[in-house]
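Take a look at the structure set out below.
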Amino acid sequence: MHKDEIICTIQGVSKLYRVKKGFFSAKTMEIQALDNVSLKVRRQEILGLVGESGCGKSTLARLILGLEKPSAGKINFEGIDLSALKGDHLKRFRKKVQMVFQDPFSSLNPKKTIFQIISQPLRIHGICPRSELRREVRRLLEMAGLHNPGIENRYPHEFSGGQRQRIGIARALATRPDLVVMDEPTSALDVSIQAQIINLILDLQESRNITCLFISHDLPIVEFVSHRVAVMYKGAIVEIMPKERFGLVQKGLDTPHHPYTDFLMKSVPVPTPEASMCGTGQTDHDLEEPFEVKSSRWDNLSGCKFYPRCPHATQKCKDEKPLPVEISQGHTIFCHLFTPSDKELGTNEV
Ligand code: SF4
């Protein structure tokens, strides 16, 4: 892995959406999906991105793919500002950055054969001559673990969920991309199929040297596939760490980490003897106080966004945004609990 080469830089990116206050209301309000996010994706790494639903993970993915524009800040891909891309430059960018979708059932056009689906990006980007299309589609399908002859002539409804996700991966890799954004690629699949898809992703990452942004709320899977893990909360990165550190935190071994990361880890269902008898999972937070805050008025806090839910909160947390603190190599936390002898970065770049 080229550890130091940065393929994508996200600099101070914010995204605001203007929505109607009510169904019959003409008044609008702003919702902040991303708040001053800065992140660097290194070439040939798998960067895991975790956080609860609605924290801004998929919004960040859409901005990196160039499907939407940031309200503030900028995103550079291989040194080029995405907002400046037009015409042929934009087409070249689309070839280099691809996406694997969450739902393998709705992400494939049911009216088209697998050959039509996978050959489309090959034709659009002129990747191989027309006479070679069929052979290239077969090669991509085999690379994704689909070996049956004539499989490319079938329609999506003839495949299982796992097979469809393999087809989605084959389509994403057709343009030989440098960066693949995977948004919950296994969450719609059975557990045994999840393992096959994860092994496929790891094999392909190693053999084709692709860079991945792997978005998921499944923490054990993220630890298994990623080289680094970033934790998001309410549109902001709160912690980023190497996978080894993330593994220690997950196993409950005593390592310093952000209170929200702690909350996220404890929310993972842990089977207990009682739970297995009645067929349900139970989490540490079922046993402790669940401090959920529904009100959106907390979104406009001038300080730490986790303040209303944090058991360690102080007045300083309410008033001041925490700056990033690198507590060990590659492990950065945005929290006032960490104001140390450790090196303070002074910016929010991680
Ligand atoms: Fe909790 Fe304060 Fe840290 Fe935010 S800055 S996570 S409120 S201790």
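With the simple model of a label 7 Å out from the Cα in the direction of the Cβ, Ser14 to Asn148 spans 5.2 nm. Candidate cross-link partners of Lys86 among the lysines, defined by an alpha-carbon separation under 28 Å and a same-chain spacing of 8 or more, comprise Lys15, Lys40, Lys57, Lys69, Lys74, Lys95, Lys96.
The long axis of helix 133-143 is offset from the longest Cα principal axis of the chain by roughly 50 degrees. The phi-based Karplus calculation (6.51 cos²θ - 1.76 cosθ + 1.60; θ = phi - 60°) puts the 3J(HN,Hα) values of the stretch 100-108 at 10, 8, 5, 9, x, 7, 9, 8, 10 Hz, whole numbers, x for Gly and Pro. Rg/Rh for the stretch 30-105 stands at 0.95; both radii use Cα atoms, and Rh follows the Kirkwood definition. Accessible surface calculations at 1.4 Å, restricted to protein heavy atoms, place the stretch 6-254 at 46 Å² per residue.
Under 5 Å from the amide H of Ala72 lie the amide H atoms of Ser14, each residue being 5 or more positions distant or on a separate chain, with H modelled from the backbone and absent for Pro and chain starts. Computed about its Cα centre, the charge dipole of the chain is approximately 1920 debye, with only Lys, Arg, Asp and Glu carrying charge at their Cβ. How far, in degrees from 0 to 90, does helix 191-208 lean away from the longest principal axis of the Cα atoms of the chain, to the nearest 10? So the inclination is approximately 80 degrees.
Suppose R0 equals 41 Å; then what is the FRET efficiency for Ser131 and Arg62 from their Cβ-Cβ distance, rounded to the nearest 0.05?
Using R0 = 41 Å, I get an efficiency of 0.70.
With contributions of -39500 (n - 2.57) from each DSSP H run of at least four residues, the per-residue ellipticity at 222 nm computed over the chain stands at -9000 deg cm²/dmol.
In order along the stretch 6-21, the Karplus-derived 3J(HN,Hα) couplings, from 6.51 cos²θ - 1.76 cosθ + 1.60 at θ = phi - 60°, round to 8, 8, 9, 10, 9, 10, x, 7, 10, 9, 10, 10, 9, 10, 5, 5 Hz, and Gly and Pro are given as x. Kirkwood radius and radius of gyration were both taken over the C-alpha atoms of the chain, and their ratio Rg/Rh is 0.99. How much of the accessible area of the chain, probe 1.4 Å, is carbon plus sulfur, in whole percent? Result for the chain: 51 percent of the exposed heavy-atom area is carbon or sulfur. Couplings 3J(HN,Hα) for the stretch 234-239, derived from phi with the Karplus relation 6.51 cos²θ - 1.76 cosθ + 1.60 (θ = phi - 60°), are 6, x, 10, 6, 10, 7 Hz, where x marks Gly and Pro.
Against the chain, whose longest principal axis comes from its Cα atoms, helix 114-124 is set at around 80 degrees.
Between Ile198, Leu179, Phe159, the Cα set farthest toward the positive side of the dipole of the stretch 101-239 (charges on each charged residue's Cβ, about the Cα centre) is that of Phe159. With both residues required to sit in the chain, DSSP beta bridges show an antiparallel share near 65%. Less than 5 angstrom separates the built amide H of Ile237 from those of Ser38, all sequence-distant by 5 or more or on a different chain. Diagonalising the gyration tensor over the Cα atoms of the stretch 76-138 and scaling each eigenvalue by 5 before taking the square root yields semi-axes of 25, 17, 9 Å, largest first. Dipole of the stretch 157-271 computed with +1 at Lys/Arg Cβ and -1 at Asp/Glu Cβ about the Cα centre; of Gly235, Ser267, Leu219, farthest Cα towards the positive end is Gly235. Scoring 45-58, 309-322 by mean Cβ neighbours within 10 Å over their residues and listing the highest first yields 45-58, 309-322.
Residues whose amide H falls under 5 Å from that of Ile6, counting only those 5 or more places apart or on a different chain, are Arg43, with hydrogens built in the peptide plane. Across the chain, the relative contact order, built from alpha-carbon pairs under 8 Å that are at least six residues apart, equals 18 percent.
In terms of the mean number of neighbouring beta-carbon atoms within 10 Å, the peptides 80-92, 112-124 order highest first as 112-124, 80-92.
The values are calculated or read from the model by the stated rules, or taken from the named source; none is laboratory data. Predicted, not measured: the structure shown is a model, and the values here were computed from it. Ideal geometry is used to build each Cβ from the backbone, glycine not excepted, and the neighbour counts take in all protein chains shown. Note: areas computed on protein heavy atoms with side chains; ligands, DNA, RNA excluded. Shrake-Rupley method; radii C 1.70, N 1.55, O 1.52, S 1.80 Å.
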